[in-house]
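The values are calculated or read from the model by the stated rules, or taken from the named source; none is laboratory data. In this text, all values refer to a predicted model and were calculated from it rather than measured experimentally. Here Cβ is always computed from backbone atoms with ideal geometry, including for glycine, and neighbour counts include all displayed protein chains.
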Amino acid sequence: MPPRPPRFAVPDAPAPRTPRPWGWWGLALVLVVALALQLMLADRARLATDPDWRPRLEFLCDTLGCDLPAWREPAAFRVTSREVRRHPQDNRALLITTSFRNDARWGQPWPVMELALHDIDGNALGLRRFEPHEYLGSPPATELIAPNQSASATLEILDPGQRAVAFTFDFH
């Protein structure tokens with residue numbers, strides 16, 4: 001058996017490596033953030049209908065290059081003026097002009113406009129829905145009507161006679 005070297009000649013064993021606790025916590029944090037982003041992206045169509053979540057999702061989708069469904073809030077369309085008169089070229093028809101505005105916080109698709117005629121008791125005599133190209137006279141120049149943007153519509157309808165005393169607009 002060979003002689004043992006003196007103790008001072010034997011190199012010290014490397015100190016045991018102590019784990020860094022922040023390394024695992026950092027990795028767990030990154031994984032949690034990645035999971036939260038995946039959940040937001042997967043459920044973005046539903047979350048985009050919430051006014052509190054939409055700005056966050058717009059920022060996220062601008063950053064990641066994803067798309068969001070258009071904002072839909074038909075109740076945010078407001079009629080600002082309306083007028084009914086006899087059609088200048090056909091006395092069997094009425095000419096209805098109206099202006100409306102998008103009071104939503106975001107742009108939204110052009111609405112379907114619903115016109116209902118009512119009698120003196122409030123009963124509906126007739127109802128019709130008009131697509132954007134019908135009430136604008138041509139397809140809209142843009143896909144969305146911007147926030148606070150106004151538009152004018154002209155509608156030609158058959159005169160329902162003396163029974164119709166009121167009309168209402170609704171948007172869908």
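Couple of notes before you dig in:
- Any hit, the stretch 14-34, residues being modelled with pLDDT of 85 or more and under 30 Å from Glu143 (Cα atoms): no
- The set of residues in the stretch 32-79 that are of a type in the set (A, V, I, L, M), surrounded by 11 or more Cβ atoms within 10 Å (Cβ to Cβ) and within 30 Å of Ser152 (Cβ to Cβ) comprises Ala48, Leu68, Ala70, Ala76, Val79.
- Wholly enclosed strands (runs of 3 or more DSSP E) of the stretch 112-169 bearing at least 2 residues over 17 Å from Ser81 (Cα atoms): 124-130, 150-158
- Filtered residue count, the stretch 151-172, keeping only those that are at pLDDT 90 or above and farther than 13 Å from Thr97 by Cβ: 4
- Qualifying residues in the stretch 62-92 (those that are among the small types (Gly, Ala, Ser) and part of a loop (DSSP other than H, G, I, E, B)) - the one nearest to Asp50 (Cα to Cα): Ala70
- Residues of the stretch 93-109 that are in a loop (DSSP other than H, G, I, E, B) and charged (D, E, K, R): Asp103, Arg105.
- Subset of the stretch 35-47 [in contact with a helix residue (DSSP H, G or I) (Cβ under 8 Å, 6 or more places away or on another chain) and modelled with pLDDT under 85]: Leu37, Met40, Leu41, Arg44
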